[in-house]
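Reading through the structure tokens given below for one structure.
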Amino acid sequence: MNYLDELNEEQRKAVEQTEGPVMVLAGAGSGKTRVLTYRIAHLINKGVPPFNILSLTFTNKAAREMKDRIGKIVGESTAKSIWMGTFHSVFARILRSEAEKIGYPSNFTIYDTDDSKRLVKQIIKDLNLDDKVYKPNLVRNRISSAKNNLLSPQAYKDNPTLAKEDAQAKKPEIGRIYEIYDKRLFKAGAMDFDDLLFKTNILLRDFPDVLFKYQEKFRYILVDEYQDTNFSQYIIVKALASRFENICVVGDDAQSIYSFRGANIQNILNFKKDYPDTETFKLEQNYRSTQNIVEAANSLIDKNQEQFKKNVWTSNDTGTKIKLTQALSDNEEGLNVAHEIYALHSTHNAAYSNFAILYRTNAQSRAMEDAMRKLNIPYKIYGGLSFYQRKEIKDLMAYFRLVINPQDEDALKRVINYPKRGIGKTTIDRLTLYGNENDIGLWELINSLPAHSVNIPGSARNKIAQFAELIKSFQNVAEKKNAYDTGTIIAKSTGILKEHHNDKSAEGVARYENIQELLNSMKEFVEDDEAENEKDLPSFVQDIPLLTDQDQDSEEDQNKVTLMTIHASKGLEFPNVFIVGMEEELFPSQMSTQSRSDLEEERRLFYVALTRSEERCYLSFARSRYKWGNLIHCEPSRFLQEIDPDFVDASGVTPNQPSKDPFATKGDWGSSMGGGSDRSASTQRRSVTPPRQKMMRVPKTDTSNFKGDDTANLREGMEVEHGRFGRGTVVSIEVAGNRKAVVDFEEHGKKQLLLKFAKLKILN
DNA sequence: GGTGTGTAGGTTTTT
DNA sequence: CCTACACACC
């Protein structure tokens, strides 16, 4: 084994110091993953059994890649038994095996953010609270941060500070909502994301034998991206490590970008206090980027007060300067980027996979996508709605959830009348109310309906009974058949598959294909002989909420430009990086400009973005962009001035607003000459394996540009065109009250339209 | 109970 | 701009 030869001195020390607490402060691009990988391999070579190693990563993908690399050194089967994954997935696994200790079924359902929001909303409604005051999102965030700080509902209600805050915000009932939310989750046999950590803490706190077991098991613990751990995660790690203190945390305070999710940068800043014997290793040599990029990034992050002082340097080439450009609009910005990519692709023969476009918010992807399509540049996009969050997928998945865990009321409500089977809102409301008042779960209630005096007519009772029978029949199927067969039977016999198949609109076709894609992935799951897990439906469904888009890699889609948020780009690298939307209110986000610490986090985010680039980095801003359909004016981001101008080529930017323009005071930017030497693209190093996005982008009928004519002269028999319904003939016009017209559309049949709103174009 | 249509309101960032 | 819901009508 000569892997130690592939490390520099500091890296090697961090690998060889296997015992006791170790903190590795790893600057961007300094070979952090390499250290983690080799450290684990080294442990195993020294004789540590792989099942005694726990390695916590930030994404499942990172875990998979690391496992692969370790497998190449110590052998695949050995690498397989290392416990490696995200906090959420690792502890979900542990919770499932210990579930009954804390009163949960081992097949508990994991609620994603969307499910949890629905539940909060439902509770607010049940309590007759005004959802304009108690905004579900806001309430959920508050509950979430309570959980991440290990505050139970009782602790929340007893906390004077929180009570005061809520009272001042005129939302005194949040504690009560939290309490009910918690009870309902428990009754539904469900945990939200935060619970996976919270309940793990409960488990380790209340069951010393369990704690002892896992302490003994995980004798060596490694935590990647430690700067992004929250309090709840911090306590778990602390508890598990307290026995042997063989804990190695790796991170970079300069890249802490998840405080909105409860991450606490203090965890890494205080590590030495927690473990006084800590050996600290600083990795400061950057192997990823050119000198220009490294120094530009250093000059930026220097503006932050709160940080460990590091001296990140590189022996790489000087490289080209960071290129700054401006555009008149977001669309033009997109086209500028697309043209540049096209040029580099055709003149330097650079593969499309060598490019990434990074932005602050998902909403910015549209202008970029449009531009890519216009120039026929292949691209793939991350984020936004993930596959498993799409409505058609969630609907079918809700059947799966219900079959596995009939206590899951969110799932039940989601499908009891989907597809339509005549169990309407009134009926469901009555059931829910009765259930809440008599403390009976919905599933139990609909199965014992004759015994209850709920005000529900006989016809509806029959339909409910049929529904219950349907679910029970699925439960029978699920017990005997594998996930794929069960899934197919459910999709077919509920009529879901047919419903989407019958919808021939572009959206309908995409939905049908998505359902097929889900079934395909179930088939793959069942036929995968490598994986040792069970092949039944529960095994398939279990951890799906923990998957993200990035977890779906594939060989196809290799040569494409990557579009993603900066957050999603963490840990990745690309030869050419475009950071777009460098504007005030957007980046830094308007939410962050109030406090210094928030602004510093935005700056770290920008630092992360810059340090993704290996060779070339482009910054751009637009003078105007569309926000909610309105054109708004934009000012260049303050961050642009914070980079040392020596490393920036701003020749493409004209300082045209002398008084307000921040460049006016920085004459050196507008006048600096065009970029440095242009290195050949053939020197480009590693490229990142592009992940794939499985779902189709739903082509939407674009009605935004559709202009209606004045309908004052509309008469019967006229040919008209409607933005959504297409062409049709006016059948009749009603003048009384609001003017209405009945139009017989060629493809959509007769519709009654209010002329005040309907945009109709008169064709003859 | 189902359907369509209008209106309000929402955007950081994600496991 | 898009989506989710409330309301009016069938």
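Checking A:LYS72, A:LYS135, A:LYS117 one by one, the residue that is among the charged types (D, E, K, R) and assigned by the TED database to the domain that holds A:ASN264 is A:LYS72 and no other.
From the list A:ALA398, A:ALA371, which residue is aliphatic (A, V, I, L, M), within 15 Å of DNA strand C (Cβ to nearest atom), open to solvent by less than 10 Å² (accessible area, probe 1.4 Å) and in contact (Cβ under 8 Å) with a residue 12 or more places away in the chain?
Selected residue: A:ALA398, the only one of A:ALA398, A:ALA371 that is aliphatic (A, V, I, L, M), within 15 Å of DNA strand C (Cβ to nearest atom), open to solvent by less than 10 Å² (accessible area, probe 1.4 Å) and in contact (Cβ under 8 Å) with a residue 12 or more places away in the chain.
Of the residues making up segment A:120-143, those that are under 17 Å from A:ARG184 (Cα atoms), surrounded by fewer than 18 Cβ atoms within 10 Å (Cβ to Cβ) and either in contact (Cβ under 8 Å) with a residue 12 or more places away in the chain or in contact with a helix residue (DSSP H, G or I) (Cβ under 7 Å, 6 or more places away or on another chain) (or both) are A:LYS121, A:ASP126, A:LEU127. Residues of segment A:434-469 that are assigned to a loop (DSSP other than H, G, I, E, B) and of a type in the set (Phe, Trp, Tyr): none at all. The single condition among (1) within 25 Å of A:ILE544 (Cβ to Cβ); (2) free of Cβ contacts under 8 Å to residues at least 24 places away in the same chain; (3) open to solvent by 60 Å² or more (accessible area, probe 1.4 Å) that A:ALA99 does not satisfy is (3). The set of residues in segment A:287-314 that are farther than 16 Å from A:THR611 by Cβ and out of contact with any helix residue (DSSP H, G or I) (no Cβ under 8 Å at 6 or more places or on another chain) contains only A:LYS309.
Looking only at segment A:312-335, which residues are open to solvent by 60 Å² or more (accessible area, probe 1.4 Å) and either more than 21 Å from A:GLN641 (Cα to Cα) or not basic (Lys, Arg) (or both)?
Quick first cut of segment A:312-335, residues open to solvent by 60 Å² or more (accessible area, probe 1.4 Å) only: A:313, A:315, A:317-318, A:321, A:323, A:328, A:331-332.
Those that are open to solvent by 60 Å² or more (accessible area, probe 1.4 Å) and either more than 21 Å from A:GLN641 (Cα to Cα) or not basic (Lys, Arg) (or both): A:TRP313, A:SER315, A:ASP317, A:THR318, A:LEU328, A:ASN331, A:GLU332.
The set of residues from segment A:589-621 being β-branched (Val, Ile, Thr) and either more than 21 Å from A:PHE260 (Cα to Cα) or without any contact (Cβ under 8 Å) to a residue 24 or more places away in the chain (or both) comprises A:THR593, A:THR611.
Taking each residue of segment A:21-47 that is surrounded by 22 or more Cβ atoms within 10 Å (Cβ to Cβ) and looking for partners that are in a helix (DSSP H, G or I) and among the charged types (D, E, K, R) with beta-carbon atoms closer than 6 Å, six or more apart or interchain, yields A:ALA26/A:LYS32; A:THR37/A:ARG69. No other residue among A:ASP274, A:ASP302, A:ASP206 is modelled with pLDDT of 95 or more, on the phi < 0 side of the Ramachandran plot and open to solvent by 10 Å² or more (accessible area, probe 1.4 Å) apart from A:ASP206. Residue check: A:ASN60 meets all listed conditions (1) within 24 Å of the chain's Cα centre (by Cα); (2) crowded, with 21+ Cβ neighbours inside 10 Å but one, namely (2). Of the numbered criteria (1) under 23 Å from A:GLN641 (Cβ atoms); (2) in contact (Cβ under 8 Å) with a residue 12 or more places away in the chain; (3) among the basic types (Lys, Arg), the one A:LYS309 fails is (2).
Residue count for segment A:250-279 under the criterion of being in contact with a Pro (Cβ under 8 Å, 6 or more places away or on another chain) and assigned to a strand (DSSP E or B): the result is 1. Residue-level check: of (1) crowded, with 19+ Cβ neighbours inside 10 Å; (2) without any contact (Cβ under 8 Å) to a residue 12 or more places away in the chain; (3) part of a helix (DSSP H, G or I), A:LEU151 misses just (3). Among the residues of segment A:569-617, those identified as touching a Lys or Arg at 6+ places or on another chain (Cβ under 7 Å), closer than 21 Å to A:THR33 by Cα and part of a helix (DSSP H, G or I) are A:SER569, A:VAL608.
If I filter segment A:158-176 for residues that are closer than 21 Å to A:PHE260 by Cα, in a helix (DSSP H, G or I) and within 15 Å of DNA strand B (Cβ to nearest atom), do I get at least one hit? No, segment A:158-176 has no match at all.
Scanning segment A:579-589 for residues that are on the phi < 0 side of the Ramachandran plot and more than 21 Å from the chain's Cα centre (by Cα) gives A:MET582, A:GLU583, A:GLU584.
Among (1) on the phi < 0 side of the Ramachandran plot; (2) modelled with pLDDT of 90 or more, which single condition is A:ASP126 missing? Result: A:ASP126 fails condition (2) only.
The values are calculated or read from the model by the stated rules, or taken from the named source; none is laboratory data. Note that this is a predicted model, so its numbers are computed, not measured. Positions of Cβ are generated from backbone atoms using ideal geometry, with glycine treated the same way; all protein chains shown enter the neighbour counts. Keep in mind that these areas ignore ligands, DNA and RNA; they rest on the heavy atoms of the full protein, side chains included. Shrake-Rupley method; radii C 1.70, N 1.55, O 1.52, S 1.80 Å.
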